[in-house]
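A.B. asks: What follows is a structure written as structure tokens; I'll ask about it next.
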Amino acid sequence: MEYLYTIIVMMALYVILASSFDFVIGHGGLISIAHPIFYALGAYASALLAKDLHWPIVLAIPAGAVVAMVASVLVALPALRVSGDYLLIASIGFQLGVIEAIKNLDWTGGAGGLSNIPGVSITQGHGPYVIAVVLIAIATVALLRFVAHSPYGRAISALRDDEPAFIALGRNAMHMKIGIFALGSAIAGLAGGLYAHYFRFLSADQFGIMQSAALLTMVVVGGMRSIWGPVLGAIVLEALPQALTFLNLPPSILGPLQGILFTGLVLIFMFFRPQGLIVAGDVWTGRRNAKEAAHVRRA
Amino acid sequence: MSAGLEATGLEVTGLCKRFGGIVVADAIDLAIPPGRVVGLIGPNGAGKTSFFNLVAGMVRADAGRVRLDGTDLTRLPGYSRARLGLARTWQNLRLFPSLSVLDNLLIAPRRYPGESLAALLRPARLRSAEYQARERAASVLERTGLAAIAHHPVADVPFGQQKLIGVARALMNDPRCLLLDEPMAGVEGAAYGAIQRVVRDLAAAGIAICVVEHNVAFIRDLCDEGVFMFAGRVLARGEVGTLIADPRLTELYFGT
Amino acid sequence: MQTDRTSLPLSRRTLLGGLGAAGVALRIGAPGIARAADKLSFGLAMPLTGSQATYGQDQVRATRWAIEAINKAGGVDGRPLEAIILDTQADPQVGIQAVNRLISVDHVPIFVTAWSEVVKAVAPIANDSKTLELSVGANAPAVAKLGEYVYTTFPLADVDVAAVARYAATTLHKKRAAVLFINNETGIGSAQVYRKSFTGAGGTVVGYEAYDPKATDWTGQILKLRGANPDVVHIQGLVADTPQIIAQMRQLGMNQTISSYSAIYNPGLIQKLGAAANGVIATSLAPGASDSPAVKAYVERWVKEVGRQPNGLPYTQYLHDTPYLVADIYKGMLAKKMAMTGANARTEMLAIGTFQLPLTGKLVINPNHTVDKPVYLMEVVNGAWKQIAVVG
Amino acid sequence: MFSLVNLLQIGWTSLATSSYLVLFTLAFALVLKVNRVFNFTQAAVMTVAFYAAYTLVSLLHLPGAAGLLGAFAATLILSALLEIGGFRTLRRRRASPIFLFIFTLIVSELVSYLAMMVYGTWPTTIFPSLFWPVRIIAGVAVSQWDVPAIGATIATVAALFAFLRFTRIGRSMVAVADNPDLAEFYGIAKDRVYLVTLLAAGLISAVAMFLYGTRAQVEPTTALNLLLFAIAATIIGGIGNLGGAVATAVALGLLQNGSILFIPSSWQGFLLYAFLFLAIVCFPRGIRLPRRRLVRNTPTPDLDDGKAEKA
């Protein structure tokens, strides 16, 4: 069961991460790849609060999300002044810089990683925790779907379409971008806390550019800006490496081959189905469309 | 309605801006009283659109002041100026292609309910604000004759109507001053008349309007007076017919 | 039978796990399969894929040979020993997955793993479930502090680094040492051990510099150390960068004695450095082919069956000996009619304490999670590794 | 530590090691300037260049020159393949920057996995030995690698600038860099220019990787780390400013090596990324000296044009 549990937890966590990442880059149009670092900040914050300050896990995890959110706002204030490719590179700098810092500090466990994080123990059974993680994943998707279809989501669409026009209509673009970034990062931080107390070991290197690439791949293969795309992308791409081990290949080539098939598949997708598995609609839709249609006609 | 003490319209004094070696605004003084329609004319590169960008706060001026109904806008960012009643349209439309016609308008009210994540936590208030916005959008759509296509994606709408949507969107803001950047370029038929009618109505309602337009007929029909710009400076101001007839200006316009 | 189980170590097992309850039930819910009940199992979680597979696979092969030999000689009191082998990719997350499976599905009392990140990552699981975790290969001193159920059978850096430090101070009469170490866990921990041991043996550490794991140039650090004017320089680096560091030191005119640890004890160092390698001292934690007929035969078997020497020979020797150690523990437990639990395995292992192993010799496992082991000091003499001393 | 000899030594070695850093940066900056792509596939090109040279020299025992030629051939083939099979298609489709970024990152990952499968993960060098004899000049150790490396770099940089200045296609590259739409208007075939740019960057990367691989050990994942340095230098030096990128590469190399004098050596890695972040946030267009820019850089105050330009 544990094997299955772990796969389910990882799938649920990747659903949370890919969805929130899509919220930032797909919906928000903020091209940052630093998403894993907020995952890391949430994970480390929650782990350290529980381990060193003996906070109960149920408090430590949300606190980790808050830490990630606060950090994201602090980064966003200077970094969101630049946009597009520049933001992308700034985010890489931030991400790798924080990883280096974690590796050099003593109280984060340093380069060797943080071990013996308090968590649910295997003897008590992981069942309830796994269910909680899955429920949180579902709640995350529901929340992001709600936001995307709310008036806020309409504003996000407009902002992404045309920032100067958005500003000229009296909308505070910077405020919105920070909001998008903060929400996405807080959710990533939440996933981090959930990860930390399940796996109970963290090392800074696992939150690097390769993690970013994996998340990006999930979003792109799944279908950017479609609510269900990143969900599907996360599940498929998390299951794929597991499935590849069925091929009964000699292990000496299985490792690289796994990577080759994985990246190759992404390339095939990029060229033959760039819109992803699930295609996002071109036009933003809100809730209760029928009702509003009636309303306008009446007016 | 506006934060100012009295309705004095738009007042621009000593506006300057240079990019590197290029001067786009050279001590521009320009006042547009409420209810008046002023046409900006001049050759390409005269600084007309730059003037709009400076007034609307898209670009920060090097010097000078911008006032609207007595309120000093000079130090305010673009979005704040818009909230104080300064609206503009764009030469190349800048509609939101991923939104329907109605949703394009719903982005634009002065108080937009969906701008803050915190607003989502107060659904009742959000709903009422959204309802008000829809009421307003419905009336604007009605006024501009766009009600029938309210739910079409803007990308599917003919060009002329897109121009109209740009104007309608600016109206959602309940502006005190409206900057129209080439509202007629490429517009024919019914939309032409509709835009003309809307602009006249707005002026009648006491809004200060500034228009950049190459369509001389439109300028003559619509504007109370014209301002001739060249190389970032206001060269002449007066009745549109007189300006157009001035051979020196014509030479500058069609230039070398 | 045993070969059959391990020849496709990963795929079939994952297949079963992946298919969920049905697959798993085949294994645990079917006591009718009598042979399985007879077997004495232990877990083996090693990198079979990924960047570390080059080593992991050779180590697993060595383990397999040992199990074959044990079973051919009658197993453990007539019962066959089996290793349940899972892939960790040397990745903590995958390692956790593998170990969770070994414990909750296969109910092994003992599992063996390597690579310090994995060793650390799975430690809480071992401690919680009271399963004995044997770390074979990670040498960061922190491995000794991972909890009640985590033991190493491989000497930690405090054994060989301390030995080389003491050797420099007492036998070579060096007074001033400098340490250049990689800024990762093993590097930092080992450098501290060196400093403590060298100072403890009466020397002074006059230079102490870290470098970034991604560094490609060490001029700054080397100049700093050169300015400190040491008699001996200890480098605690990686297989990949140590030859470059030595080359740069020599180029910058530092001709002092250089020492390092077991990672650089390989022919590649000499090939990369040529004459500049002469005088470099490394450690080996296992006897070489020239010192032990068993090791000689073992290496010959590699050349005969695989066509080459194993990657990281000493590590494969340790992995080869691990089943013997596990067999001794199980044998003791059977003799005392103890239940096959991790707690009992731990008690029995500490009760035995001293093990005699075929390829690595005598090993003492201390209750404080360290081991006692002789250290073989090797030096490059005329372009070849020569054993210069056995200490400890 | 602060003795003159030491400072000279650090200066000299930094200069020598900046030889390949300059070339990595130049290749990256060139593609960014002309093709307007943050080209992570350069890591793939670098990996291929190294293993081509490694195969010929270290495995097949051919002379070093053959290795360099092999690296050239390999990079040309890969670059052409990437442009024609990849970038061109994505450009036609007006793929978003994030899409292009994923493409380049995934390609470099794919190549590193392929290299892993063929060559394993053991670090290797082009020549079997990486020890270069030294000569002491005024107390400074100058290795036999240093001078040819610096020479090769200067020659490559000079060749590129001459190419951009004096050949027709080179001038077209500059024109496209300044204004792709206008350049097309004047009859410059953009696709061809983009192809030539990638090929040129490939050749530069090959020289750089040859230098690197004769001095340090390389694994399939080395190239990506080296590329991060190039990105930092390009951005700090000012995007679109090749000279600035080159100068920054030298300065950053010196700073990284020299920083040991002032900060604990373990924080050196942090320094690069902190620079990268701060540079882009504080100077998104690069650090510009207050000097008069050359003509072409006409500002576009009209915001309406900004949008169209981006595509």
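Please treat every number below as a calculation from the coordinates, not as lab data. Here the structure is a predicted model, which means the values were calculated and not measured. Ideal geometry is used to build each Cβ from the backbone, glycine not excepted, and the neighbour counts take in all protein chains shown.
A.B. asks: Which of B:GLY241, B:GLY21, B:GLY35 moves the most in a Gaussian network model of chain B with Cα springs under 10 Å?
C.D. replies: Looking only at B:GLY241, B:GLY21, B:GLY35, the largest GNM fluctuation is found for B:GLY21.
A.B. asks: Any chance you could give the angle, 0 to 90 degrees and rounded to 10, that helix B:159-172 forms with the longest Cα principal axis of chain B?
C.D. replies: Once rounded, the angle reads 70 degrees.
A.B. asks: Test of understanding: ordering C:GLU117, B:GLU225 by Cβ neighbours within 10 Å, fewest first, what list do you get? Present the calculation step by step, with values, prior to reporting the outcome.
C.D. replies: Numbers: C:GLU117 24, B:GLU225 15.
Final ranking by Cβ density, sparse to dense: B:GLU225, C:GLU117.
A.B. asks: Going Cα to Cα from A:LYS103, which lysines come in below 27 Å? Please leave out same-chain ones fewer than 8 positions away.
C.D. replies: A:LYS51, C:LYS120, C:LYS145, C:LYS196, C:LYS214, C:LYS224
A.B. asks: Amide H of B:PHE230: which non-local residues (sequence gap of 5 or more, or other chain) have their own amide H closer than 5 Å, using H built in the peptide plane?
C.D. replies: Under 5 Å from the amide H of B:PHE230: B:LEU235.
A.B. asks: To the nearest 20 Debye, how big is the dipole of segment A:2-298 about its Cα centre, given +1 on the beta carbon of each Lys and Arg and -1 on that of each Asp and Glu?
C.D. replies: Working: 16 positive and 13 negative charges, 202 e Å.
Charge dipole, segment A:2-298, about its Cα centre: 980 debye, nearest 20.
A.B. asks: For A:TRP55, C:TRP218, C:TRP385, which order do you get if you count the other beta carbons within 10 Å of each Cβ and list the fewest first? Mind dumping the intermediate values first?
C.D. replies: Details: A:TRP55 16, C:TRP218 28, C:TRP385 20.
Least crowded to most crowded, the residues run A:TRP55, C:TRP385, C:TRP218.
A.B. asks: Taking Cα centroids, how far is segment B:209-231 from segment B:40-116 in Å?
C.D. replies: 19
A.B. asks: Could you compute the FRET efficiency for D:ALA158 and C:ARG308, with r as their C-beta to C-beta distance and R0 at 51 Å, rounded to 0.05? Intermediate results must be reported in sequence, preceding the final value.
C.D. replies: On the way: r = 46 Å, r/R0 = 0.91.
Working from the Cβ atoms, E equals 0.65.
A.B. asks: Could you point to the residue in B:ILE41, B:VAL59, B:ALA25 farthest towards the positive end of segment B:18-85's charge dipole, with +1 and -1 charges on the Cβ of Lys/Arg and Asp/Glu respectively?
C.D. replies: Result: B:VAL59.
A.B. asks: Run the numbers on segment A:2-298 and let me know its relative contact order in percent, using alpha-carbon pairs under 8 Å that are six or more apart. The partial results should precede the final answer.
C.D. replies: Numbers: 440 pairs, mean separation 97.3, N = 297.
After rounding, I find 33 percent.
A.B. asks: Roughly how many debye, to the nearest 20, is the charge dipole of the protein assembly as shown about its Cα centre, given +1 on each Lys and Arg Cβ, -1 on each Asp and Glu Cβ, and no other charges?
C.D. replies: Numbers: 103 positive and 79 negative charges, 86 e Å.
Result for the protein assembly as shown is approximately 420 debye, rounded to the nearest 20.
A.B. asks: To continue, here is another question. What's the center-to-center distance, using Cα atoms, between segment A:42-80 and segment D:120-142 in Å?
C.D. replies: 46
A.B. asks: Amide H to amide H, which residues 5 or more places from B:GLY57 or on other chains are under 5 Å from it, using H placed in the peptide plane?
C.D. replies: none
A.B. asks: To the nearest 20 Debye, how big is the dipole of chain B about its Cα centre, given +1 on the beta carbon of each Lys and Arg and -1 on that of each Asp and Glu? The partial results should precede the final answer.
C.D. replies: Working: 29 positive and 25 negative charges, 168 e Å.
Once rounded to the nearest 20, the dipole reads 800 debye.
A.B. asks: Measure nothing but the geometry: give the 0 to 90° angle between the long axis through the Cα atoms of D:168-178 and the longest principal axis through the Cα atoms of chain D, rounded to 10°.
C.D. replies: Rounded to the nearest ten degrees, it is 70.
A.B. asks: Let me ask you something else. Determine ³J(HN,Hα), in whole Hz, for all residues of segment C:286-296 in sequence, where each value follows from phi through the Karplus function 6.51 cos²θ - 1.76 cosθ + 1.60 and θ = phi - 60°; x replaces Gly and Pro.
C.D. replies: Once θ is set to phi - 60°, the couplings for segment C:286-296 become 9, x, x, 4, 6, 9, 9, x, 5, 5, 4 Hz.
A.B. asks: While we're on this one: With the dipole of the protein assembly as shown worked out from charges on the C-beta (+1 for Lys and Arg, -1 for Asp and Glu) around the Cα centre, which of A:TRP228, B:GLY238, D:ASN6 lies farthest toward the positive end?
C.D. replies: Checked the options; the winner is B:GLY238.
A.B. asks: Please list the helices of chain A that count as membrane-span-like by this rule: a mean Kyte-Doolittle hydropathy of at least -0.5 together with Cα atoms stretching 20 Å or more along the helix axis, each helix being a complete DSSP H run. Write out the running numbers ahead of the final one.
C.D. replies: Numbers: long enough: A:2-22 (29 Å, 1.44); A:35-52 (25 Å, 0.65); A:57-79 (32 Å, 2.42); A:85-104 (29 Å, 0.96); A:127-148 (32 Å, 2.24); A:173-199 (39 Å, 1.09); A:228-244 (24 Å, 1.27); A:251-272 (30 Å, 1.84).
For chain A, where a helix must reach 20 Å along its axis and average at least -0.5, the hits are A:2-22, A:35-52, A:57-79, A:85-104, A:127-148, A:173-199, A:228-244, A:251-272.
A.B. asks: Right, something else. For a quick check, take a GNM of chain D with Cα springs below 10 Å and name the residue from D:ARG94, D:ARG171, D:ARG36 with the largest mean-square fluctuation.
C.D. replies: Looking only at D:ARG94, D:ARG171, D:ARG36, the largest GNM fluctuation is found for D:ARG94.
A.B. asks: Taking +1 at the Cβ of each Lys and Arg and -1 at the Cβ of each Asp and Glu, which of C:VAL119, C:ALA289, C:ILE365 sits farthest along the dipole of chain C towards its positive end, judged by Cα position relative to the Cα centre?
C.D. replies: C:ALA289
A.B. asks: Oh, and also: Give a residue-ordered list of calculated ³J(HN,Hα) values for segment D:6-21 (Karplus: 6.51 cos²θ - 1.76 cosθ + 1.60, θ = phi - 60°; whole Hz; x for Gly, Pro).
C.D. replies: 5, 4, 4, 5, 4, x, 5, 5, 4, 4, 5, 6, 6, 3, 6, 4
A.B. asks: Relative contact order (percent) for chain C, with alpha-carbon contacts under 8 angstrom and 6 or more residues of separation?
C.D. replies: Relative contact order comes out at 16 percent.
A.B. asks: I would also like to ask the following. Which residues' amide hydrogens lie under 5 Å from the amide hydrogen of C:SER259, considering only partners 5 or more residues apart or on another chain, with H built in the peptide plane?
C.D. replies: Long-range HN contacts for C:SER259: C:VAL233, C:HIS234, C:ILE235, C:ILE281.
A.B. asks: Taking the Cα atoms only, what angle lies between the long axis of helix C:53-72 and the longest principal axis of chain C, rounded to 10 degrees?
C.D. replies: Taking the Cα atoms of chain C, the angle to C:53-72 is about 50 degrees.
A.B. asks: Please report C:HIS369, B:HIS151, A:HIS35 as a ranked list, fewest other C-beta atoms within 10 angstrom at the top and most at the bottom.
C.D. replies: Values: C:HIS369 18, B:HIS151 15, A:HIS35 30.
Least to most surrounded, the residues fall as B:HIS151, C:HIS369, A:HIS35.
A.B. asks: Which shape class applies to segment D:90-159: rounded if a/c is under 1.5, otherwise prolate when a/b exceeds b/c and oblate if not, where a ≥ b ≥ c are the square roots of the Cα gyration tensor eigenvalues? Let's see the in-between values first.
C.D. replies: Numbers: a/c = 4.05, a/b = 1.81, b/c = 2.23.
Here segment D:90-159 falls in the oblate category.
A.B. asks: What residue among B:ALA61, B:ALA108, B:ALA236 shows peak mean-square fluctuation when chain B is described by a Gaussian network model with Cα springs under 10 Å?
C.D. replies: Highest fluctuation among the options: B:ALA236.
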